[in-house]
1. If you scan the range B:131-154, which residues turn out to be assigned to a loop (DSSP other than H, G, I, E, B) and either within 15 Å of ligand 1 (Cβ to nearest atom) or in contact with a Ser or Thr (Cβ under 8 Å, 6 or more places away or on another chain) (or both)?
2. Within the bounds of the range B:216-226, is there any residue that is of a type in the set (A, V, I, L, M, F, W, C), near ligand 3 (Cβ under 9 Å from one of its atoms), out of contact with any helix residue (DSSP H, G or I) (no Cβ under 6 Å at 6 or more places or on another chain) and more than 14 Å from every other protein chain (Cβ to nearest Cβ)?
3. Within the range B:181-226, can you find the residues that are of a type in the set (A, V, I, L, M, F, W, C) and more than 16 Å from ligand 2 (Cβ to nearest atom)?
4. Kindly evaluate B:Tyr233 against the criterion of being over 19 Å from the mean Cα position of the chain (by Cα), part of a helix (DSSP H, G or I), of a type outside the set (Asp, Glu) and at pLDDT 90 or above.
5. Check whether at least one residue in the range A:141-150 is over 18 Å from the mean Cα position of the chain (by Cα) and either among the aliphatic types (A, V, I, L, M) or not in a helix (DSSP H, G or I) (or both), and report yes or no.
6. Tell me whether the range B:227-248 contains one or more residues that are closer than 30 Å to A:Gly108 by Cα, within 14 Å of chain A (Cβ to nearest Cβ) and more than 10 Å from ligand 4 (Cβ to nearest atom).
7. Out of everything in the range B:88-121 that is over 17 Å from A:Ala114 (Cβ atoms), of a type outside the set (S, T, N, Q) and away from ligand 2 (no atom under 16 Å from the Cβ), what residue ends up being most open to solvent (accessible area, probe 1.4 Å)?
8. I'd like the residue in the range A:175-190 that is free of Cβ contacts under 8 Å to residues at least 60 places away in the same chain and open to solvent by 30 Å² or more (accessible area, probe 1.4 Å) and, out of all such residues, is nearest to B:Ile118 (Cα to Cα).
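The values are calculated or read from the model by the stated rules, or taken from the named source; none is laboratory data. None of these values were measured; they are calculated from a predicted model. Neighbour counts run over all protein chains shown; Cβ positions are idealised from the backbone, glycine included. Keep in mind that these areas ignore ligands, DNA and RNA; they rest on the heavy atoms of the full protein, side chains included. Shrake-Rupley method; radii C 1.70, N 1.55, O 1.52, S 1.80 Å.
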Amino acid sequence: MDRTCLRLWQREGSLSVNTVKNNDDSDMATDRLKHSGPEIQAPSSVVRQSSLKLSRLRRFVALGIIMLFLLQFVRIKILVGGLGGSVAVWFVKILDVFAYTESLTASGDFTLAAFGAVVPVLGMYLILGRAFCGWVCPMDFLFEVIGKTGRKPRKTPNISPVWGYAVVGSFLIASGVMGVPVFTNYFSHLTNFFRFLTGTVSFGLGFPVEPEVIVFSGGTIAALLVLEYFFPRFWCRGLCPIGRIYGLFNKVSLLRLAFTEGVCGECSLCDQQCYMGVKIARNIDRSSLRDVNCIYCGRCAEGCATKGKIVSLRFWR
Amino acid sequence: MSDKPRQRVREAGGKHQALGLFADTAMQITRRAFLGLSVTGSALALFGSAVSCSDQPPDSGEGVAGPLSIFPVGGSIRPPGALPEKQFRAKCISCGVCVNVCHVMKYDAVAVAGLKDIRNFGTPQIRDMRDFPCALCMECPGQCPTGALKKTEKEKVSMGMALIDFSLCFGWNGDVCLSCSKACPMGGSIFDFYNGEWGNQPYINDNCVGCGLCVKYCPLGGSAIKVVTKKQYERVKGQYVADSRKLMAMQGEQRYAIVYGQNLPQIMAKGRLVEREYR
Ligand code: SF4
Ligand code: SF4
Ligand code: SF4
Ligand code: SF4
């Protein structure tokens, strides 16, 4: 489908049949639109506003959480630690699911204390699915910044989630064999992001810091950013074990991608907007989609020509 | 890491033969050295110890044994309440909660280990205790999300063991100081004092929890105390105890030679390293 045409659609905010008419491949879409014409003329501005809010809200949440973590450096203890493991408001311990799994495999010792720390996370993502990736993970934000550096649009090679499960499996085996939580301790972007922050800030405050800590952690993050530059979201889609584990939550979570029937123009705007490579348009006949790669960023809903009428993030149903 | 302390012991063993007082200690050490050293080397050492059993008076200056140059090096001192090292390593995910809790508490005692020991990378360890001892506020153990640090009573903490270097301590070299005992949060249950003509000699017993406060408050430049891990302590304990006894039992002449010939010059030299004392 013609791109400019789609743009026009988007800008005008209304799906007049005339706009689409010139396009040959869109016969079917036009047909559908004809059927449900009146509904489409619905006041799109309202929906549009709310979906824009979603995108902003997402950044607000991610940066807000990082800000709360930054407060620990000025000795305000709301969130202490990092996203791998932390303590909220003095007593609520929080532990990332994959970090916990690795720690458990490495030590072979189940304790209620540690399990108690994953429970809040399990509970949260049983409701929200893989929303961690889209709403909390600092890399999502950094990757977006990289995306804005004006790099040429590149195609991310398709990578099956199976690779991710292989990564999960091999790190768990390595942890078990070596008796060290290998990924979380050495390579995790969550650990390294906050280790880098802590290291740099301590250094800035004049405390002795081992320089390797800053270099190694900064280097790991930089490597991921370079990967992002050349293969957008290759890491998130395929390799990241943390995301893979949260992806499993998508299968049972309350939050899901929901579709409303009958008004889709099959323009694939949603697919173009999704940087996680979820195939939305072709699943539109279902009532909802539970893709392990969906991070509930809501860009599909925002991008949808109907401004979120067809695709939306929804609890229940 | 495992090699260095043993080497130190070996050297110290060699020196002790000159004293000829505690020949059994010397023999024991030499025997231990025998296992590790080449046959020739240890045979020579044995020969040396046999010779030195005759009552040669110690020379002043170079030849005199400074008791205990055995301080082990290496090994990480963990925050209080850490599980035994292997379990600790398996559980800790380098989340940084303990590091930052300590920062919030304004002690800044915990830092993340670098790549010196790749296995320990990212795990928390106590910084140089001369500047950043653990104040035993006991905040971090309760907050570790993985349980690598476990809530513990203050008295039962076992981070390490403080060893006083008798050749550097003012109290063991003709003075009264006792700053360390005043700084120690455990006080009387840990410090034994041996008053004598050579000073008010403090001795830290096995109840030490290894927090390092004494290390910080020792007025000697660079501190006369070092906290070593409990494991390292087990290795040198025998000799450490024997050396303290030996010093206390030592007759005036000999002790005089050691204090004036060797220790005081060292102390004076160290005393100039005041870069950190009163920050
Ligand atoms: S809080 Fe626990 S898991 Fe986190 S770095 Fe410290 S010891 Fe390791
Ligand atoms: S007990 Fe307190 S002073 Fe000691 S390491 Fe933990 S937080 Fe720091
Ligand atoms: S002797 Fe030193 S290290 Fe041991 S408990 Fe007392 S102050 Fe802490
Ligand atoms: S503070 Fe230092 S010099 Fe003073 S008695 Fe203790 S170890 Fe010796």
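1. Residues satisfying the conditions are B:Cys134, B:Cys137, B:Met138, B:Glu139, B:Cys144, B:Pro145, B:Thr146, B:Gly147, B:Ala148, B:Lys150, B:Lys151, B:Thr152.
2. Checked against the condition, which is being of a type in the set (A, V, I, L, M, F, W, C), near ligand 3 (Cβ under 9 Å from one of its atoms), out of contact with any helix residue (DSSP H, G or I) (no Cβ under 6 Å at 6 or more places or on another chain) and more than 14 Å from every other protein chain (Cβ to nearest Cβ), the range B:216-226 yields no hits at all.
3. Narrowing the range B:181-226 to residues of a type in the set (A, V, I, L, M, F, W, C): B:183-184, B:186, B:190-191, B:193, B:198, B:204, B:208-209, B:211, B:213-215, B:218, B:220, B:224-225.
Residues satisfying the conditions are B:Ile190, B:Phe191, B:Phe193, B:Trp198, B:Ile204, B:Cys218, B:Leu220, B:Ala224, B:Ile225.
4. Spelling it out, it is not the case that B:Tyr233 is over 19 Å from the mean Cα position of the chain (by Cα), part of a helix (DSSP H, G or I), of a type outside the set (Asp, Glu) and at pLDDT 90 or above.
5. yes
6. No.
7. Of everything passing the filter in the range B:88-121, B:Lys116 is most open to solvent (accessible area, probe 1.4 Å).
8. The residue in question is A:Phe187.
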